[in-house]
Amino acid sequence: MNWRNPFLITYLSITVVGAGIFGYLLYSGYSHYSDVVANYDDAVLKLRKLQNRTPFPSAENNQKYVDYTKQYRAEYDQLLAKIGSMQKNAEEITPQTFQDRLRANVSQVEAAAKENGVALSPGFYLGFDQYQGTLPPDSAAGPLARELAAIRLVVDNLIQVKVKEITGIKRDLLPLETGAASAQPTPAPRSLPGARPRNNGGDTGGVTANSFEIIFVADQGAVRSTLDYIVNAPQFFIIRYLNVQNSALDGPKRVEEAKPDAQPTPAPANDLAGILGGAAGGGASSGPATAQHTLRVLVGREKLTVGLRIEMITFNNLPSQK
């Protein structure tokens with residue numbers, strides 16, 4: 001009898017190896033299953049404890065909750081008061097009253113500009129040119145008066161800081177003006193480059209933005225003062241777009257070119273007063289004609305043409321403070 005059958009030996013070897021692999025996989029799967037079941041049971045136990053637990057807040061936590069609530073309410077009321085002080089409610093006035101008020105404002109601005117040496121563009125009418133001889137719609141008189149007061153704030157500041165010129169004002173039509181605007185259209189001035197398109201829709205949300213553009217010429221100090229005033233004005237303003245053009249496009253020369261007939265005399269050595277244009281230490285000059293040298297300011301004297309697109313923000317339906 002031959003016990004060395006190759007087929008039988010191969011079959012038995014494959015069977016033993018396969019049984020070993022199957023046993024390993026079965027053990028690994030059972031271990032993983034046990035871990036999953038243990039995690040699930042632990043999560044279920046925690047959930048049941050949380051569902052059956054009766055919360056019992058401490059007195060310290062209750063006091064913190066009361067304090068935080070009071071603090072939030074105080075800050076909320078303070079914010080409402082701040083917003084309320086930065087906007088005016090639309091008055092119920094007649095179109096004729098608005099037109100009379102507009103004429104009075106234009107006259108006051110012209111007088112103030114003349115007194116402070118500020119030039120106004122021809123036909124300057126605070127951006128309300130179409131209402132020089134035409135009455136606005138009845139429903140638009142109040143909102144127009146509110147916008148007039150806001151524009152007047154900016155114009156008064158420009159006159160106060162003594163800008164060189166107010167080139168012009170262009171404002172977007174209010175939604176309530178569209179009927180009057182379509183009945184008697186006026187050519188719209190060129191908009192500032194990069195300005196957002198107009199929003200002629202109604203008050204669809206809690207905030208309304210009425211935009212106007214103003215262009216003026218001033219020195220750098222007046223421009224800084226104007227920007228500071230706008231961001232801190234009593235009216236809620238947002239500078240949506242700012243365009244600045246410098247009158248001097250080329251850089252300043254560090255040394256002035258000498259005139260053909262000029263014969264400059266060099267300043268004495270170690271004579272700081274002579275360089276600044278004064279006498280040397282209070283002593284007498286050594287020659288009959290001492291050269292007067294002054295320090296030149298290279299930047300800061302340019303005139304700037306500034307274009308601003310400003311949004312007057314109105315918060316609709318502010319909740320009453322309790």
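Computed quantities for the displayed model
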item	result
log₁₀ of I(q)/I(0) at q = 0.14 Å⁻¹ - the stretch 25-177, Debye sum with one point per alpha carbon	-0.86
Amide H contacts under 5 Å for S211, placed H, 5+ residues apart	D172, M312
Extension gain from I14 to N246, taking 0.36 nm per residue of separation minus the Cα-Cα distance	74.3 nm
Cβ-based exposure ranking for L304, L45, in which fewest neighbours within 10 Å come first	L45, L304
Estimated distance in nm for a label pair at E75 and L153, the labels positioned 7 Å out from Cα along Cα-to-Cβ	2.5 nm
Calculated from backbone phi, Karplus (6.51, -1.76, 1.60) coupling profile of the stretch 80-90 in Hz, x at Gly/Pro	4, 5, 5, 5, x, 6, 9, 8, 10, 6, 5
Tensor-based shape of the stretch 125-167 (alpha-carbon gyration tensor, a/c under 1.5 rounded, otherwise prolate or oblate)	oblate
FRET efficiency estimate (nearest 0.05) - Cβ-Cβ, T178 to Q96, R0 22 angstrom	0.60
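Rule-based calculations on the coordinates, nothing more; no lab input. Here the structure is a predicted model, which is why all the values come from computation and not from measurement. Using ideal geometry, Cβ is built from the backbone for each residue, glycine included, and neighbour counts are taken over all protein chains shown.
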